[in-house]
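Following: one structure in structure tokens, then a few remarks.
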Amino acid sequence: MSADAAVRDGARRAEDRILALSHDLHAHPEVAWEEERSCVRVAGVLSDAGFTVEQQYVGLPTAFRAHVGSGPLHLAVCAEYDALPGLGHACGHNVISAISVGTALALAPLVDDLGITLSVLGTPAEEGGGGKIDMLKRGAFEGVHAAVMAHPGPVDVARAEPYAVSHSHIRYDGKAAHAAAYPERGVNAADAFTVAQVAIGLLRQQLPSSTRVHGMMTRGGEAPNAIPQRTEGRWYVRAETLEELARIEPRVARCFEAGAVATGCELTIAPESEPYSEFRTDEALLASYVRHAEGLGRVFRTGADSLMNRASTDMGNVSQVIPAIHPYIGIDSAPAVNHQAEFAAASAAPAADRAAVDGALALALTLLDACGSATREYLLTARR
């Protein structure tokens with residue numbers, strides 16, 4: 001049996017396991033840094049298939065590494081499994097895990113013949129926590145020559161073009177007082193947020209069209225008859241590149257400072273993670289993925305429904321260090337799009353199951369191509 005046929009056979013044999021995994025994760029969503037059950041569940045499928053599993057990898061409680069083989073070319077597949085607060089798997093990370101596990105199961109029987117080390121890296125907290133950035137800093141990607149994954153969206157889109165993004169926790173501290181009897185004795189932390197949001201709204205007309213500024217209050221006060229003493233929120237700033245982000249962030253910060261100056265509150269801005277980077281696509285790997293996905297009948301789209309490829313991801317930081325791809329695979333969710341409740345429902349529908357199966361096979365065949373002599377030599381020396 002040829003290597004191509006063996007990979008296809010391995011992918012077929014894995015279908016029931018990866019679909020069961022996808023549906024199980026979907027039914028038990030866990031948010032960033034709290035994915036205890038999901039981490040064990042994903043790693044468990046790989047352990048049962050003969051992979052060596054390291055839980056709490058690089059000291060992160062909900063990260064893991066599962067690996068097989070010992071060849072000089074080290075290929076990694078990244079699995080995400082965190083959900084969104086209040087929305088469950090509205091970004092389809094259950095499908096990502098299914099694709100990544102399926103990719104590994106399809107390739108695993110061939111690792112010795114191919115001369116590769118194959119790893120699945122369980123990467124927590126993509127939804128704002130920067131799990132892959134922490135893993136990078138702790139050495140999880142040391143020795144890895146290429147990393148791949150595929151992310152669900154409404155339609156198939158080949159190239160990831162995410163915004164760089166910073167995530168900040170905003171806090172104003174004022175002084176409580178009775179809102180009717182002694183309002184003059186209070187320092188209103190809710191008013192500080194109002195001033196800041198108005199300032200940000202006005203700033204947007206002077207910002208480049210390539211930027212996004214958005215967020216929400218997570219704490220607005222304690223009682224309607226008390227001047228709010230503390231307010232808190234989470235705010236994102238996005239730009240085309242980290243360089244552009246560094247120019248925009250101080251302007252947004254001054255809007256929050258304006259709220260503090262106007263009201264007399266104290267302001268604290270704290271990063272929730274290091275900034276996510278723009279993406280650096282490996283063209284050879286992407287061309288291979290597109291060819292195999294199209295061979296499975298996937299159709300790559302452009303237009304309004306294809307914009308999920310602009311979503312920020314900490315996989316961008318990985319791509320700055322090693323060759324990587326992050327294509328989007330469609331689950332036919334229209335009109336629903338990512339981060340809507342309807343998309344969460346679509347992430348366990350038949351079209352999402354088909355995407356998991358197709359994505360696993362397309363990525364497995366892509367990594368098989370990476371073992372060919374020309375690409376192999378390139379990857380062995382391509383670490384940035």
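The values are calculated or read from the model by the stated rules, or taken from the named source; none is laboratory data. All values derive from a computational prediction rather than experimental measurement. When we count neighbours, we look across all protein chains shown, and the Cβ atoms used for this are built from the backbone with ideal geometry, even at glycine. Side chains are part of the model used for accessible areas, which takes the heavy atoms of the whole protein and leaves out ligands, DNA and RNA. Shrake-Rupley method; radii C 1.70, N 1.55, O 1.52, S 1.80 Å.
In the set 280, 251, only one residue is open to solvent by 30 Å² or more (accessible area, probe 1.4 Å), more than 15 Å from residue 366 (Cβ to Cβ) and part of a loop (DSSP other than H, G, I, E, B); that residue is 280.
Residue 295 passes all but one of (1) within 27 Å of residue 12 (Cβ to Cβ); (2) open to solvent by less than 30 Å² (accessible area, probe 1.4 Å); (3) in contact with a Leu (Cβ under 9 Å, 6 or more places away or on another chain); which number fails? Of the numbered conditions (1) within 27 Å of residue 12 (Cβ to Cβ); (2) open to solvent by less than 30 Å² (accessible area, probe 1.4 Å); (3) in contact with a Leu (Cβ under 9 Å, 6 or more places away or on another chain), the odd one out for residue 295 is (2).
So that you can scan it fast, the table gives a plain yes or no per residue for (1) at pLDDT 95 or above; (2) touching a helix residue (DSSP H, G or I) at 6+ places or on another chain (Cβ under 7 Å):
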residue: 249; (1), (2): yes, no
residue: 257; (1), (2): yes, no
residue: 269; (1), (2): yes, yes
residue: 280; (1), (2): yes, yes
residue: 288; (1), (2): yes, yes
residue: 299; (1), (2): yes, no
residue: 311; (1), (2): no, no
residue: 316; (1), (2): yes, no
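The criterion of at least 2 residues that are of a type outside the set (Lys, Arg) and closer than 24 Å to residue 321 by Cβ is met by the following helices (runs of 4 or more DSSP H) wholly inside the stretch 1-119: 36-48, 93-107, 111-114. Name the single residue, out of those in the stretch 306-349 being hydroxyl-bearing (Ser, Thr, Tyr) and buried (at least 20 other Cβ atoms within 10 Å of the Cβ), that is nearest to residue 362 (Cα to Cα). Once the filter is applied, the top-ranked residue is 328.
Report yes if some residue within the stretch 81-92 is over 14 Å from the mean Cα position of the chain (by Cα), of a type in the set (Phe, Trp, Tyr) and modelled with pLDDT of 95 or more; otherwise report no. No, the conditions are met nowhere in the stretch 81-92.
Within the stretch 185-235, the set of residues being in contact with a Ser or Thr (Cβ under 7 Å, 6 or more places away or on another chain) and either at pLDDT below 95 or within 22 Å of residue 128 (Cβ to Cβ) (or both) comprises 193, 217, 219, 220, 221, 232, 233, 234, 235.
Yes/no matrix, rows are residues, columns are (1) closer than 23 Å to residue 241 by Cα; (2) among the acidic types (Asp, Glu); (3) loosely packed, with under 15 Cβ neighbours inside 10 Å:
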site: 174; (1), (2), (3): no, no, no
site: 177; (1), (2), (3): no, no, no
site: 196; (1), (2), (3): no, no, no
site: 200; (1), (2), (3): yes, no, no
site: 219; (1), (2), (3): no, no, no
site: 222; (1), (2), (3): no, yes, yes
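Criterion applied to 128, 69, 115, 92 was being touching a Pro at 6+ places or on another chain (Cβ under 6 Å) and in contact (Cβ under 8 Å) with a residue 40 or more places away in the chain, and the one residue passing it is 92. Taken together, the residues in the stretch 177-224 that are in contact with a strand residue (DSSP E or B) (Cβ under 6 Å, 6 or more places away or on another chain) and part of a helix (DSSP H, G or I) amount to 5. The residues listed here are 32, 83, 49; of these, the one that is in contact with a Pro (Cβ under 9 Å, 6 or more places away or on another chain), open to solvent by 10 Å² or more (accessible area, probe 1.4 Å), of a type outside the set (Val, Ile, Thr) and touching a residue at least 12 places away in the same chain (Cβ under 8 Å) is 32.
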